Structure formats: structure tokens, C-alpha cells
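Scroll down for the structure; my scribbles are underneath it.
Just so it is clear, none of the values below were taken in a lab; they were calculated from the coordinates. No experiment lies behind these values; they were computed from the predicted model shown. Neighbour counts are summed over all protein chains in view; Cβ atoms, including those assigned to glycine, are modelled from backbone coordinates with ideal geometry.
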């Protein structure tokens, strides 16, 4: 097993990016999988082991991770990602950046609400503040469902930013048109979209545009791909396996490394409740793919496999 001192080097090996005025390592941690075992958000999922989830969070920070992605709607029976984060990490390290999402939600029974109204967003922000034990949120992403205008809802978040409850704003699950609309209202520090090898190659141009604008592009499901909440499934493509063998890495590490090498503004937020998987994910930041590797994987990506 890799020692903590070695892993600290790996955590920063992919370099850093700045969200507004907040500098973070490009390898982060996604909290979605902390609350339950099996497919995330499944009604019959088994709650995770609370002690293990807390240990994983503390281990992530020990390994140099200083960017955690979460949401108040990341919860399952008996478990809340925000509560676990607060229990594990408060008082929070000064350099730790916690990014959360608002928009979708759950009612007290756990039933999904597709998206909040502009008026309801303040309540969601306040719920995240309460659960995390913070007086402000570092970054809040407006999670978008559909292609309708986001001006009213993003404007409501911009007002909370002006009031000091939110430091920086981002958007999630969006189109280039949404980004243009949001930037006309307030600064946008990140775009969080589903993306990975073979996943939404049509977003390549959007990714590049974000880089040109100085906006972080933060893929989710970059390992799982179309497996989404259920995680990676099925046989791995031979191209990915070949590159993995050449580097003595796992296919998941190759997928993360490819994602990070799409641009210096591209971040990674792989999530896991497994300490070994956490170490492997962090170590992916040190994997350097060659030009031949990238050509092979880029061709696979363009096929949309």
C-alpha cells in the first residue's frame, strides 16, 4: 500500500486550479457514494457504515484532497453526506473547499423534487449551511434539470452571494447557453457536467470554451460513464486496458488521468466509500499518459463508446 507521504505527492501531482480566489488540488472527492452501499439514490439501498465513511473523509484530507463536492440531497436512510463531512472534518482545515449543489431536493419522505424555485433556493442554501456548520458556503452549483432559462434561479443565488452566504457560484448539468446566461448575471467559477472517455464527446468544445473563459470544468461519472449512480459496470474497453497495463495502473485510474489531461482547468471529483479505492483515485493524479496513449483513448472517446 502507498504510504501517506507518497500519496501527498500524488494528490498534488496533477497541479492546482483556482475557483475564484480558492486554490485547490485538481484531484478532489465526491461525497455522493458515502451515504449508502450499492447504487446511489436507490430506494432499497443499504445505509453505509458510518464509521467507515468518516474514516474515508479524514483519509482523503490526509492524502492532500482539499476539494469536496457534496449536496444536502445526498442522503439515504440514516445517513447524510453533509452530516458525515461535518462530523469527520469540523473544525475544517483552512484550505478545504466544500462545493455543494442546490436545485433538486428531497422532501422529508425522501421523494425527489426535480428543481427548486428561485424562492426555495434560499432554503436549500440555508439547509446546507446548517448541515455543514458553516456561516457561508465556498461554492454553490445550481443543478439544472432541462433546457429552460436559469436566469431567475441563478439570479436568486447571485443575491445570496451578494449577501455573503455564498462565496462563489457554479452551474451543473448545463449547456453552453446556460453558461452564457449565468455569466451575464454573476461570475461563474465552475461547470459540472457528466463527461468521460466515450461519454458526451459532443461536450469537447464546451470543455474548451470553459478553459478559454477561465471556468473550471468538473466532470462527474468520469469513471462510471453510462453506469452513472450504479458505478462502472460491464467489460472494460481494450484500449483502456492496454493503456492501464502499460502504466501499471487500473482502468479507473486511466479514465481519471485522461480526464485530467483534457486541460489544466479540468478537475476530478471521484467518489467512493472504500479506503483502497480512495488511495487509487488520488494516485491517478500522478499518472502521465503519453501522446500515443492519448491518441488511442481520444479515438475511443470520439466513437462515443
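Of all the options 107, 95, 21, the one that moves most in a Gaussian network model of the chain with Cα springs shorter than 10 angstrom is 107. Taking label positions 7 Å along the Cα-Cβ direction at both residue 303 and residue 107, the computed distance is 4.7 nm, reported to one decimal.
Using a 10 angstrom cutoff on alpha carbons, build the Gaussian network for the chain and name the most mobile of 185, 197, 171. Most flexible of the set in this elastic network: 185. For the chain, a Gaussian network of Cα nodes joined below 10 Å ranks 121, 63, 89 by mean-square fluctuation, and the top entry is 89.
Which FRET efficiency, nearest 0.05, do residue 202 and residue 288 yield, Cβ-Cβ r, R0 35 Å?
On the way: r = 27 Å, r/R0 = 0.77.
Efficiency for this residue pair is about 0.80.
Modelled spin-label separation between residue 163 and residue 23, with each label point placed 7 Å from Cα along the Cα-to-Cβ direction: 3.3 nm. Only beta bridges with both residues in the chain are counted; by DSSP, about 30 percent of them are antiparallel.
Can you give the percent of C-alpha pairs in segment 95-150 whose distance is more than 18 Å? Don't skip to the answer; put the middle values down first.
Working: 543 of 1540 pairs.
Percentage above 18 Å: 35.
In whole percents, the pair-distance distribution calculated for segment 151-298 from its alpha-carbon pairs, binned every 5 Å from zero, is 2, 9, 18, 19, 18, 13, 10, 6, 4, 1, 0. Across all directions, the average projected area of the convex hull around the alpha carbons of segment 63-120 is 5.1 nm².
Starting from a Cα-only point model with no solvent, please compute log10 I(q)/I(0) by Debye for segment 4-302 at q = 0.07, 0.10, 0.11, 0.14 1/Å. Rounded to two decimals, the profile gives -0.24, -0.50, -0.62, -1.04.
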